[in-house]
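A.B. asks: Here it is, the structure, as structure tokens.
The values are calculated or read from the model by the stated rules, or taken from the named source; none is laboratory data. Bear in mind the structure is a predicted one, so any value in this text is a computation, not a measurement. Cβ sites come from the backbone with ideal geometry, for glycine too, and all protein chains shown count toward neighbours.
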Amino acid sequence: MDIPVAVQYRHAHLSAADQARLFGADAVLKAVAHVGHRGQVAYRETITVVGPNGRLEQVRVLGPVRAETQVELSPVEAEALGIDAPVRLSGDVKRAASCGLKGPHGSIRARACVIIPARHLHCSARDAKRLGVKQGDVVSVGVVGRPETRVEHVAVRVHPSFRTSFHLTADEAAEFWLGADDRVRVERM
């Protein structure tokens, strides 16, 4: 099964309280695109992420709101900001790095929220069964048409709302010469 590549760029998921602090209590963010998983959208609005060494403007906000704020940066972006962010799967912000966040309505100090997203394979339940994988598995993927290129240590995430796709940061995509037009196939470790 050929699986599309999704290059992840910097973005933030906000808690309801942090969204209100950054955009105002009555702000309604405007969806401009669906991000490939049922119910998840990219908003027009952006924020600024502030670290010890500088700031990164126009960080896209994704929705809907989450229980906890999470900022996902590439390794190069985190390093440039002076943020010692761990590599984690989305949603795992225990002992994550902290940063400042600035929106049009206000600023906050966001604690334990910055991660570098671990490369992962999102799978629908049906496709996971087809591929013979389950939540928590770790696999390798080979690039279709480039048998010499293999990406290892890919975490499998299974959820009914997921559209099957291979996610990696822009830094990793550059390392492996991958783009949104590429496809991969699951291989075993």
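A.B. asks: Name the single residue, out of those in the stretch 161-180 being loosely packed, with under 14 Cβ neighbours inside 10 Å and in contact (Cβ under 8 Å) with a residue 60 or more places away in the chain, that is farthest from SER74 (Cα to Cα).
C.D. replies: Among residues in the stretch 161-180 that are loosely packed, with under 14 Cβ neighbours inside 10 Å and in contact (Cβ under 8 Å) with a residue 60 or more places away in the chain, the one farthest from SER74 (Cα to Cα) is SER161.
A.B. asks: Now, a different point. Quick check, is ARG44 at pLDDT below 95 and either out of contact with any Cys (no Cβ under 6 Å at 6 or more places or on another chain) or within 26 Å of ASP171 (Cβ to Cβ) (or both)?
C.D. replies: no
A.B. asks: Considering only the stretch 102-112, I want to know if a residue exists there that is within 24 Å of VAL156 (Cα to Cα) and of a type in the set (Val, Ile, Thr).
C.D. replies: no
A.B. asks: Let me ask you something else. Please go through the stretch 12-61 and pick out each residue that is in a strand (DSSP E or B), farther than 19 Å from ALA85 by Cα and β-branched (Val, Ile, Thr).
C.D. replies: VAL32, VAL41, THR46
A.B. asks: Give me the residue from the stretch 55-88 that is among the β-branched types (Val, Ile, Thr) and buried (at least 19 other Cβ atoms within 10 Å of the Cβ) and, out of that set, farthest from ALA17 (Cα to Cα).
C.D. replies: ILE83
A.B. asks: Can you tell me how many residues within the stretch 142-189 are over 25 Å from ALA85 (Cα atoms) and in a strand (DSSP E or B)?
C.D. replies: 12
To keep it simple, each residue is scored yes or no on (1) in contact (Cβ under 8 Å) with a residue 24 or more places away in the chain; (2) over 25 Å from PHE162 (Cα atoms); (3) assigned to a strand (DSSP E or B).
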{"position": "ILE83", "(1), (2), (3)": "yes, yes, no"}
{"position": "PRO104", "(1), (2), (3)": "yes, yes, no"}
{"position": "HIS122", "(1), (2), (3)": "yes, no, yes"}
{"position": "ALA128", "(1), (2), (3)": "yes, no, no"}
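A.B. asks: Out of curiosity, is VAL49 among the β-branched types (Val, Ile, Thr), under 22 Å from LEU29 (Cα atoms) and either out of contact with any Pro (no Cβ under 8 Å at 6 or more places or on another chain) or at pLDDT below 95 (or both)?
C.D. replies: yes
A.B. asks: Which count do you get for residues in the stretch 85-102 that are of a type in the set (Ser, Thr, Tyr) and assigned to a strand (DSSP E or B)?
C.D. replies: 1
A.B. asks: Could I ask something else about it? Filter the stretch 131-160 down to residues that are surrounded by fewer than 13 Cβ atoms within 10 Å (Cβ to Cβ) and at negative phi, then give me how many there are.
C.D. replies: Selection size over the stretch 131-160: 6.
A.B. asks: While we're here: Among what's in the stretch 80-130 and is of a type in the set (S, T, N, Q) and assigned by TED's automatic domain parsing to the domain that holds GLN19, pick the residue that is farthest from the chain's Cα centre (by Cα).
C.D. replies: Filtering first and then ranking leaves SER107.
A.B. asks: While we're on this one: Taking the stretch 4-18, which residues are within 18 Å of ILE108 (Cα to Cα), in contact (Cβ under 8 Å) with a residue 60 or more places away in the chain and surrounded by fewer than 21 Cβ atoms within 10 Å (Cβ to Cβ)?
C.D. replies: If the condition is that a residue be within 18 Å of ILE108 (Cα to Cα), in contact (Cβ under 8 Å) with a residue 60 or more places away in the chain and surrounded by fewer than 21 Cβ atoms within 10 Å (Cβ to Cβ), then HIS11 is the only one that fits.
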